[in-house]
Amino acid sequence: MTDTQPDDSGYHPQTIETKWRERWKDRRTNEPDLDGAERPFYNLMMFPYPSAEGLHVGNLFAFTGADVFGRFKRMQGFQVFEPIGFDAFGIHSENFALKVGKHPAQLIPSNIANFTRQLTRMGGMFAWEHVLSTTDPTYYKWTQWLFLQLLKRGLAYKKKGAVNWCPNDKTVLSNEQVVGGHCERCGALVEQRVLEQWYFRITDFADRLLANLDDPTRMDWSDTTVLAQKNWLGRSEGAEVRFAVTGADGVEIPVYTTRPDTLFGATFLVLAPEHPLVSQLTSASERAQVEAYRAQAGAKDLVSRKVGDKEKTGVALGSVATNPATGQPIPIWIADYVLMDYGTGAIMAVPGHDERDFAFATRYALPIVRVVAEAGGTAEAPLHEAFGDVDSGTMVHSGQFDGMAPLDAKTAITRWLEAKGHGKGTVQYRLYDWCISRQRYWGPPIPIIYCDACGAVPVPEDQLPVVLPEIDDFRPDDSGISPLARHSEWYHVPCPTCGKQGRRETDVSDTFLDSAWYYLRYPSSEFNDRPFDAARTRKWLPVNSYIGGNEHAVLHLLYSRFITMVLHDAKMLDFDEPFRTFRAHGLIVKDGAKMSKSKGNVVVPDDYIDKWGADTFRTYLMFLGPFQDGGDFRDSGISGPRRFLDKIWDLVTLSSHPDCRDAEIRREVLVKWHQTKKKVAEEISHLRYNTAIAALMELLNVLREQNCAEPGLVGEMVQMIAPFAPHFAEECWERLGHTTSVFDSQWPGFDEALTVEDSVVIAVQVNGKTRGTVTLPRDAGEGDALKAAQADAAIGKHLEGKEFRKVIWVPGRLLNLVVG
RNA sequence: GCUCGGGUGGCGGAAUGGCAGACGCAGGGGUCUUAAACACCCCAGGGGGAAACCCCGUGCGGGUUCGAGUCCCGCCCUGAGCACCA
């Protein structure tokens, strides 16, 4: 810290911040009437994971920005519900507990206590009476209930398959949690394992998840977040083409392609090594080689398979299929660059138009044919070879093909495939079903009981929650089996259906399931007989404003939307999108890197708050730069906002002086005042807090220059700084003689007519270069401006002996004289 | 490789196509003080000039326009996300 604290004249943050925190609590200032509110506004921010290290500056930045918005909406006359809670289940907490040799159930309460202290101290407008923790049985009872609702509707299923396995965290990961082949959380290389897991059918909702993103009546989200979701959903349009296998009666290989127009150039087929038809299609002579290749590909982990070297290898199966367009026989291969879990697990290789196929064809000396003239190239074997003597491009565009209307090549060929029964147009998504099983301890047990007679039986809803037992040996191992599986006294239970000995599911659910519905719980947190109350939910949801980090663009935010859709379709909610508006805030980094304990660059806010006060620190963070950009944390400018608050304080003190009370406000000040009110409201509503604060600083500078401390004006100044510096504003407001909270006052309005100055400064340009300014009455016309410009010596100099060619007049702003 | 952002003083950053650098930090000079801190006043993009004023200036090269940080085309650098998705 390079700055030094100002002396102790007047404004003492520590004293007044303590005072107002106590008042807010005693008077329940931040607890809206959840049943009676007439203009409800649900102001949500992403609840934190309560780490042992406490909140860092990056967290505080995000919460402050969301809190400023909530406080602003409140002063605009809304009853604002701003809840907070703790996302306390999960691997983070468990790993930390393992590291320090304690039980997470013991650690979490103290971490939560510390977070609560920090969040209270920052002056957030939190409705603490509705705080929740996902680890509370009264909460996760309903997380388990949610699983059962999906199961009931066929949206949860168990599947054995290749999954992402993190060898460090010793658990499976969802696809969203694997980043570039590494564990999103710990960075370890992810392996492939075959395990039985529970999945949610999020892919059934892919089209809706995509369509709603573009529906402004449902969603108004940051562009960057919408884009990330679209990329993740990965919609592509193409065709499924079936290739008949030669000599195998009726056997067809379906492939998916986004380029059906290149069908004529498909010179071989490639299947994923684990494709179910491989064995059947392998000739006797190739079998040994094929089996060897499959074994080798299967042993590869996901890293070298998906993101390792791009060397293409494969083997031929010794069988052939027919290209339906050319009628030519083409060989069938397997190669591990084709993925089983996308499309049909098989491709038609078009080496003339696909880089990967080209590399493969080159390596194995397979034929390469170009069929479509692309930019800079020509088609060596145009479509007319197959379709007669019509040029490929014009053939399809001129509609001479099978008498169809003019269409593009892709559509034309798809139509042809459909007509001939060789395939059909299809849509593919990149999205995978959501794997929710975790072979860990610290989460809600999945509420299933396995019975030899009845199969997988859901735990009856009236027997929820399935309480997570407190065990000491919760360390995960490499077996792929959850720690709970070591406790037969826990998992041995009678089958709910037949009463015979059954076994509980010993996996717990993904933390992202906990957070996929927490926003539904907040307004109803005191009801223990239902997850969310119908009337409360109708009043408060969907969420009016959600602010959070874009790192959750495709995880939490996508899962939450999915869960809401499921509950909507189950008629439990009357909306299918949970967050009306979402804004991604920027990330505060330190020395260019995201703050993390392992990098040793975590900045803790407590010392700054001790030294400068929460209000100064909040204002400083919001003044750093655009809220939605974030930036590198530094503390070199913190004295600026502090001096700013000190000066407001002085004005408040000064305003009680009789001279100030009776002083007339000069026109100049009046205009600045109204301009500022207009500007600040506009900037805050767009989360441009840095420029809102700058505008207030400008107004303050004018007031000081003009020696103006008129109480009404000072009061509005205090109101406008209130969202940023809430304790400070309350104290000033009280000193100005008010007896109720500044947050129950109405945000100052402005008079549009008073935002316009009486006289304006016109920039005068000669041939586009500014040569001076003239000051004119607001309503001055072009003629007046021209006269004034010619009269000005400095400007006139540039006009001497020249002839006017053109005059550009922008009223109130600029006069440009084009001369020559 | 693909998809998005972003390149503006010493620093963070402002600028509906209309006086580039608001606001703040740091810096320089001054007032106050025994001295310092605080506070207050003044200066401050670069270059030239005693000054008036002039020239140059928003990553680079073109273009549109009376006028471009802003719009268009082509590059360079940088941050983030996705990545053998057929």
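The values are calculated or read from the model by the stated rules, or taken from the named source; none is laboratory data. For clarity, every value in this text was computed on a predicted model and none was experimentally measured. Here the Cβ positions follow ideal geometry from the backbone for every residue, glycine too, while neighbour counts run over all protein chains shown. Accessible surface areas use protein heavy atoms only, side chains included; no ligands, DNA or RNA. Shrake-Rupley method; radii C 1.70, N 1.55, O 1.52, S 1.80 Å.
Here are the numbers for this structure:
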quantity	calculated
Residue, nearest to A:Ser759 (Cα to Cα), within the range A:787-806, restricted to residues that are away from RNA strand B (no atom under 14 Å from the Cβ) and surrounded by 11 or more Cβ atoms within 10 Å (Cβ to Cβ)	A:Lys787
Qualifying residue in the range A:65-78 (condition: open to solvent by less than 20 Å² (accessible area, probe 1.4 Å) and acidic (Asp, Glu))	yes
The range A:461-517, residues that are in a helix (DSSP H, G or I) and under 14 Å from A:Ile448 (Cα atoms)	A:Glu461, A:Asp462, A:Gln463, A:Leu484, A:Ala485, A:Trp490, A:Tyr491
Residue under evaluation A:Ala211, criteria (1) part of a strand (DSSP E or B); (2) open to solvent by 30 Å² or more (accessible area, probe 1.4 Å), criterion not met	(1)
Some residue of the range A:708-720 being at pLDDT 90 or above, closer than 30 Å to A:Thr225 by Cβ and under 37 Å from the mean Cα position of the chain (by Cα)	yes
In the range A:697-717, the residues that are open to solvent by 10 Å² or more (accessible area, probe 1.4 Å) and in contact with a helix residue (DSSP H, G or I) (Cβ under 8 Å, 6 or more places away or on another chain)	A:Met697, A:Glu698, A:Val702, A:Arg704, A:Gln706, A:Cys708, A:Glu710, A:Pro711, A:Glu716
Only listed residue being touching a residue at least 60 places away in the same chain (Cβ under 8 Å), of a type outside the set (S, T, N, Q) and either part of a helix (DSSP H, G or I) or closer than 30 Å to A:Asp529 by Cβ (or both), chosen from A:Trp145, A:Trp165	A:Trp145
Qualifying residue in the range A:489-507 (condition: surrounded by 22 or more Cβ atoms within 10 Å (Cβ to Cβ) and either at pLDDT 95 or above or closer than 25 Å to A:Tyr49 by Cβ (or both))	yes
Elements of type helices (runs of 4 or more DSSP H) in the range A:1-111, at least 1 residues being charged (D, E, K, R), closer than 30 Å to A:Asp650 by Cβ and in contact with a His (Cβ under 8 Å, 6 or more places away or on another chain)	A:13-26
Sole residue being touching a helix residue (DSSP H, G or I) at 6+ places or on another chain (Cβ under 7 Å) and among the acidic types (Asp, Glu), chosen from A:Glu664, A:Glu577	A:Glu577
The range A:718-745, residues that are open to solvent by 40 Å² or more (accessible area, probe 1.4 Å) and in contact with a helix residue (DSSP H, G or I) (Cβ under 7 Å, 6 or more places away or on another chain)	A:Arg735, A:Leu736
Residue, most open to solvent (accessible area, probe 1.4 Å), within the range A:220-237, restricted to residues that are farther than 13 Å from A:Asn550 by Cα and near RNA strand B (Cβ under 6 Å from one of its atoms)	A:Asn231
Residues (charged (D, E, K, R), over 30 Å from A:Pro32 (Cβ atoms) and buried (at least 21 other Cβ atoms within 10 Å of the Cβ)) located in the range A:79-117	A:Glu94
Cross-chain or 6+ apart pairs with Cβ under 6 Å, the range A:420-444 first and within 15 Å of A:Trp198 (Cα to Cα), then open to solvent by 30 Å² or more (accessible area, probe 1.4 Å) and modelled with pLDDT under 90	A:Tyr432/A:Asn175
Selected residue [outside any loop (DSSP other than H, G, I, E, B), free of Cβ contacts under 8 Å to residues at least 12 places away in the same chain and either away from RNA strand B (no atom under 13 Å from the Cβ) or open to solvent by less than 90 Å² (accessible area, probe 1.4 Å) (or both)] from A:Asp779, A:Asp784	A:Asp784
Options A:Leu541, A:Leu484, A:Leu520; residue that is out of contact with any Gly (no Cβ under 8 Å at 6 or more places or on another chain) and under 17 Å from A:Leu150 (Cα atoms)	A:Leu520
Lone qualifier among A:Thr120, A:Thr203, A:Thr116, A:Thr138 - being away from RNA strand B (no atom under 16 Å from the Cβ) and either farther than 30 Å from A:Ala725 by Cα or assigned to a loop (DSSP other than H, G, I, E, B) (or both)	A:Thr138
Among residues of the range A:686-729, those that are touching a strand residue (DSSP E or B) at 6+ places or on another chain (Cβ under 7 Å) and near RNA strand B (Cβ under 10 Å from one of its atoms), counted	0
Candidate set: the range A:598-640, residues that are closer than 24 Å to A:Arg117 by Cα and touching a His at 6+ places or on another chain (Cβ under 9 Å); chosen: the one farthest from RNA strand B (Cβ to nearest atom)	A:Val604
Close pairs from the range A:451-480: first on the phi > 0 side of the Ramachandran plot, partner open to solvent by 20 Å² or more (accessible area, probe 1.4 Å), Cβ under 6 Å, at least 6 apart	A:Gly480/A:Leu195
Selection count, the range A:310-363, where residues are assigned to a loop (DSSP other than H, G, I, E, B) and either among the aromatic types (Phe, Trp, Tyr) or more than 41 Å from the chain's Cα centre (by Cα) (or both)	8
For A:Cys186: the one exception among (1) surrounded by fewer than 17 Cβ atoms within 10 Å (Cβ to Cβ); (2) part of a strand (DSSP E or B); (3) in contact with an Asp or Glu (Cβ under 8 Å, 6 or more places away or on another chain)	(2)
Residue in the range A:641-652 that is near RNA strand B (Cβ under 10 Å from one of its atoms) and within 20 Å of A:Leu60 (Cα to Cα) present	yes
Test: residue in the range A:265-286 that is part of a strand (DSSP E or B), in contact with a helix residue (DSSP H, G or I) (Cβ under 9 Å, 6 or more places away or on another chain) and more than 12 Å from RNA strand B (Cβ to nearest atom)	yes
A:Glu196 vs. criteria of a type outside the set (A, V, I, L, M, F, W, C), open to solvent by less than 40 Å² (accessible area, probe 1.4 Å), closer than 30 Å to A:Arg153 by Cα and modelled with pLDDT under 90	no
Residue list for the range A:759-772, filter: open to solvent by 80 Å² or more (accessible area, probe 1.4 Å) and either on the phi < 0 side of the Ramachandran plot or of a type in the set (D, E, K, R) (or both)	A:Val761, A:Lys769, A:Thr770, A:Arg771
